[in-house]
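**Q** My questions all concern the structure below.
The values are calculated or read from the model by the stated rules, or taken from the named source; none is laboratory data. These numbers were taken from a predicted model, which means no experiment stands behind them. Note that each Cβ is placed from the backbone with ideal geometry, even for glycine, and that neighbours are counted across all protein chains shown.
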Amino acid sequence: MMAGRDGLSGSDRFAYLQGLVTEFQDADSEEAKEQILANLANFAYDPRNMEDLRTLQVTELFLDMLTEENQNLVEFGIGGLCNLSMDQESRNQIVQTDGVPLVMGCLSSPRDETVLSAITTLMNLTTATSHSQTTNGSVVLCMLRFSLSENPRLRNLASVFLQDYCTEEQVEKAREHMQGHIQSAVGIPLPDNKPFLDSSQP
């Protein structure tokens, strides 16, 4: 079934993609699901496949994977959405099916690749109408934390997000929140705290 897929066109291409979706739904093992999902995510990179993938409801399939416990399925699912989100109609579909919160959930993944795909997807999904969703307070806070990451790819992408997709007010508000959270988490006032905190001393 895999042979000659690059030469497929028209109805043959659709039939091949439809076969992949059916295989995924019928797969018994996690490993088989992972391999098929990775194939679908790769096909989502080709603009020629966008309409067929939407018709086959692959967008919804990718979104469903974001809540799986299997981190491989999550990674391939958000990778597929990242590819699909380069297409305007697919972007609209993701936003209209309440996909933004699911994408945001991937920001807390332990895997850097999943987080990188989630950030890129949020960038692609950001429009004048969706801006309030894709750059809400919790997202901006995440980006501030990522901008301090030891991973240069994550640090740089988060910095681009903050600079190009967020307002100065959003960033400043998140920075103040993060600083306040650090103080409360430590449980003691920092050396440069305001004098009124000293009134709690015996």
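**Q** So which of Ser109, Ser90 ends up being within 22 Å of Leu53 (Cβ to Cβ) and at pLDDT 95 or above?
**A** Ser90
Residues are listed down the side, and each one gets a yes or a no for (1) more than 20 Å from Arg13 (Cα to Cα); (2) not charged (D, E, K, R):
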{"site": "Ala41", "(1), (2)": "no, yes"}
{"site": "Pro47", "(1), (2)": "no, yes"}
{"site": "Asn70", "(1), (2)": "yes, yes"}
{"site": "Glu75", "(1), (2)": "yes, no"}
{"site": "Leu116", "(1), (2)": "yes, yes"}
{"site": "Thr127", "(1), (2)": "yes, yes"}
{"site": "Ser130", "(1), (2)": "yes, yes"}
{"site": "Ser138", "(1), (2)": "yes, yes"}
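**Q** For the stretch 32-56, give me the residue count where each residue is assigned to a helix (DSSP H, G or I), more than 15 Å from Ile94 (Cα to Cα) and charged (D, E, K, R).
**A** 4
**Q** Six or more apart or on different chains, Cβ atoms under 7 Å: show the pairs whose first residue is in the stretch 126-153 and on the phi < 0 side of the Ramachandran plot and whose second is of a type in the set (Phe, Trp, Tyr).
**A** Thr126/Tyr165; Thr135/Tyr165; Met143/Phe161
**Q** Can you tell me which of Pro110, Pro101 is under 25 Å from Phe62 (Cβ atoms) and outside any helix (DSSP H, G or I)?
**A** Pro110
**Q** From the list Val95, Val21, Val115, pick out the single residue that is under 13 Å from the mean Cα position of the chain (by Cα) and over 25 Å from Asn156 (Cβ atoms).
**A** Matching residue, one of Val95, Val21, Val115: Val95.
**Q** Related question: In the stretch 130-172, which residues are surrounded by 18 or more Cβ atoms within 10 Å (Cβ to Cβ), polar (S, T, N, Q) and not in a helix (DSSP H, G or I)?
**A** Hits for the stretch 130-172 are Thr135, Ser147.
**Q** Kindly evaluate Thr59 against the criterion of being in a helix (DSSP H, G or I), modelled with pLDDT of 95 or more and among the hydroxyl-bearing types (Ser, Thr, Tyr).
**A** The answer is yes for Thr59.
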